[in-house]
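Derivation of every value follows stated rules applied to the coordinates shown; laboratory data play no part. Computed from a prediction, not measured in an experiment: that's the story for all the values here. Because the Cβ atoms are built from the backbone with ideal geometry, glycine has one as well, and the counts that use them run over all protein chains shown.
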Amino acid sequence: MLTKSDFLMGRQCRKRLWLEVQGSGGAAALTPDQRHALEQGQAVGRLAQAQFPQGQLIQATGETALEATAAAIAAGATCLFEAAFSWQGWLVRCDILQRQPQGTWTLIEVKGSTQVKDEHVWDAAVQWAVLKGAGVPVDQVDLMHINRATCVYPDLSTLFHRQDITTDVVARQPEVADRCQQFQAVVAAPSAPAVAIGDHCHQPQRCSFQAQCWQGVPAASIFTIPRLDKKKKRQLIETGCWAIADLAPDFPLSANQRAYVETVRRGEPEIDLQKIADHLATVTFPIHFFDFETFNPAIPRFHGLRPYDAFPFQYSCHVLAADGTVTHQDYLHETADDPRPPLVAALLSHIGPTGSVVAYHQSFEATVLKTLAATFPTHGAALQSIVDRLWDLEVIFKDAYRHPACLGSTSIKKVLPVLVPTLSYDHLPVSNGAIAQAIWEAMVQTPDPVQKQRHRDDLRTYCHQDTWAMVAIYQVLQRLVA
Ligand code: SF4
């Protein structure tokens, strides 16, 4: 039987649906951050269930779940979690199903997002179709999602917001019926349908078959052209034009897009030495190269935080003195309690009252520092002084240094191997901020000291690399303008 996940997959891409159901593997394994997102979704689901104390969990799987659900309903259950129903080859499990006094049922779909999204309505719409088809008298569908507006830790009583989406769900029923038939035909076919790649490979979910479908796409592809609109992209895909090298010279582009395309075509960097020199001249010693790692859980866990508010758990700081010596300081919070008080104390002991604080994409560090200043007013002035001395290294790569190998990105992960080929993030177990969050959570939760040590080392190596990369890039730029 096909499931509601299959339905959503089919809406995204029929080829993906076929590969998932009929293909012989080839899907990319989940990354640590994807696993972490799944676990977070499960935690949200458990908290939502806790709001229905009379709820009964259907634990069985497959056919047995159908039988267990029917038995629970026959025995007079008033609220079911993971109730299973099938109809015409489709099987759904409902997050929460609540019986109303008049005997009808309300379907409650739980989501970890902060608003109703289009795919949520489709998700509920396919459940509605199956419930109706199976003879369940359902007459309302609510989306229960995270409420960021008024929920503040420690009061989690308003963590969820319920929104009635019945009208939208009912309006989609004719299309659900059509698509259910179409998707069954797709999976019954002997081979995958031909579907061109495009934006749907990333939205609404990143497809796990990109390694297969995107094989022929060159690194310098039309997908790297900054802010190229969907219509133009589709037009190029339809004509088989994937490489920037194949782009017609008169293809309509904005000035910025044209400048990027020309840089890629020439294969040479565009460097404005004067602009770089002017920007570098504004930095003052001692130069602190600084980077935070933060965690933003759906369920807030420390005082004053709302759902998805970020709190820092780690930072790294390399300090370059006027005489050229470099020292390193860092902080990593290793337990599950609130990292902010000890982190702020360490931070203020490591960053003195003078000298620039170099960040890459400084608005992120500025936001974290300002939030800490507001949370800990006794340290407000010292933290604000750090905000006032922030100096953004990324600006140079937006304004004055454009390299074809960066493929239109100014991210430090792309810039670093171009300017400092001996350094890269490729070999690191933690290679981006999302994975750092997942590993930090794993580190503070695990009781295994060996695993804890491994996670600790991986996190410190990653954050160290972020600030050491900035030192190395800064030194390359200094040599360039010299
Ligand atoms: S990578 Fe794109 S085209 Fe290929 S299966 Fe996934 S969504 Fe479809």
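The peptide list 89-98, 365-374, put in order of mean Cβ contacts within 10 Å with the highest first, becomes 89-98, 365-374. Extension gain, HIS427 to LEU38, is 137.5 nm, computed as 0.36 nm per intervening residue step minus the present C-alpha separation. Each part gets one Cα centre, and for region 419-482 versus region 252-311 those centres are 17 Å apart. In the chain, the DSSP beta bridges split such that about 70 percent are antiparallel, to the nearest 5.
Only the Cβ atoms of Lys and Arg (+1) and of Asp and Glu (-1) were treated as charged; on that basis the dipole of region 214-265 about its Cα centre amounts to roughly 220 debye.
Distance distribution note for the chain: the fraction of Cα pairs above 30 angstrom is 59%. Each residue of region 328-339 is assigned a 3J(HN,Hα), and the resulting list reads 10, 9, 8, 9, 9, 7, 10, 10, 7, 7, 5, x Hz, derived from the Karplus form 6.51 cos²θ - 1.76 cosθ + 1.60 (θ = phi - 60°), x at Gly and Pro. For region 445-477, the residues whose backbone nitrogen is under 20 Å from a point 7 Å from the Cα of HIS361, taken along Cα to Cβ, are 459-474. If the cut-off is 30 Å between C-alpha atoms, which lysines fall inside it for LYS230, apart from same-chain ones fewer than 8 positions away? The reachable lysines, counting only those whose Cα sits under 30 Å from LYS230, are LYS4, LYS15, LYS111, LYS117, LYS398, LYS413, LYS414.
Each of VAL420 and ALA71 was given a label point 7 Å from its Cα along the Cα-to-Cβ line. The distance between the two points is 6.3 nm. In this structure, ALA322 and ALA219 have a Cβ-Cβ separation that, at R0 = 41 Å, corresponds to a calculated FRET efficiency of about 0.55. Each label point was placed 7 Å from the Cα along the Cα-to-Cβ direction; for ALA27 and LYS117 their separation is 1.7 nm.
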